[in-house]
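Chemist: Shown below is the structure under consideration.
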Amino acid sequence: MSRYLRRMQLPEVGEAGQARLAASHLLVIGAGGLSATLLPQLVGAGIGQLTLVDPDQVELSNLHRQTLFRASDIGQPKARAACAALDGLNPDTQLRPVVAKLCADTAPALLDGVDLVLDAADSFLCTYLLSDLCHAAGLPLISGSVLGRAGYVGGFCG
């Protein structure tokens, strides 16, 4: 726990809070620009298990804003390349890449055993699907999106 000592000294977190983080399972949809900042913070915080879903491959045009990726990742699935980059940040976090598009057929199984869903897919279709599923399952959903210089983030369900 020495990795998290400074955080555990915060009254808002403490040992109990850090233990909750270590026992948590998060589902993150989207490995693009929003996730480039989000994912290292989650892994660094000591999240126990993280499932990352993204169907896309790394492209040259991603590299200036999707900072998890390197030129050597071009052509690789984003979910796998992101998990490979994150793996060295914290060996305590179990990372599971899912190279697939989120859809009504696959999404319910992805929610199994999850404590929190983070929607960073920039897709209203994904957001609405996740909202319906999370509402039915009583799971919290945090959704964010960016377009140009505008964006939104909100907490829903659960």
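Chemist: Using the Cα centre of segment 92-144 as the reference point, and only Cβ charges (+1 on K/R, -1 on D/E), how large is the resulting charge dipole? Debye, rounded to the nearest 20.
Modeler: 100
Chemist: Rank Phe69, Phe156, Phe124 by accessible area, highest first, at a 1.4 Å probe radius?
Modeler: Putting Phe69, Phe156, Phe124 in descending order of accessible area: Phe124, Phe156, Phe69.
Chemist: Follow-up question, since we're still on this one. Could you work out the mean projected area of the convex hull around the alpha carbons of segment 38-111, in square nanometres to one decimal?
Modeler: Averaging across all directions leaves 5.1 nm² for the Cα convex hull.
Chemist: Additional query: Placing unit charges on C-beta atoms (Lys and Arg positive, Asp and Glu negative, everything else neutral), compute the dipole magnitude of the chain about its Cα centre in debye, rounded to 20.
Modeler: 420
Chemist: On to the next question. Keeping every protein chain present and rolling a 1.4 Å probe, give me the accessible area per residue for the chain in Å².
Modeler: 56
Chemist: Quick check: at a probe of 1.4 Å, how many percent of the accessible area of the chain sits on carbon and sulfur atoms?
Modeler: Reported share for carbon and sulfur atoms: 55 percent.
Chemist: Lone cysteines in the chain, going by a 4.7 Å Cβ-Cβ cut-off?
Modeler: Cys83, Cys103, Cys126
Chemist: Return the calculated 222 nm mean residue ellipticity for the chain, to the nearest 500 deg cm²/dmol, obtained by summing -39500 (n - 2.57) across DSSP H runs with n ≥ 4 and dividing by the residue count.
Modeler: -10000 deg cm²/dmol
Chemist: Further question: Specify the inter-centroid distance of segment 134-158 and segment 49-116, based on alpha-carbon positions, in whole Å.
Modeler: Each part reduced to its Cα centre gives a spacing of 18 Å.
Chemist: Here's a follow-up. What is the ratio of the Cα radius of gyration of the chain to 2.2 N^0.38 Å, with N the residue count, to two decimals?
Modeler: 1.03
The values are calculated or read from the model by the stated rules, or taken from the named source; none is laboratory data. Note that the coordinates shown come from a computational prediction; the quantities given were computed from them, not determined experimentally. Cβ sites come from the backbone with ideal geometry, for glycine too, and all protein chains shown count toward neighbours. For the accessible areas, the whole protein counts, side chains as well, though only heavy atoms, and no ligand, DNA or RNA atoms are used. Shrake-Rupley method; radii C 1.70, N 1.55, O 1.52, S 1.80 Å.
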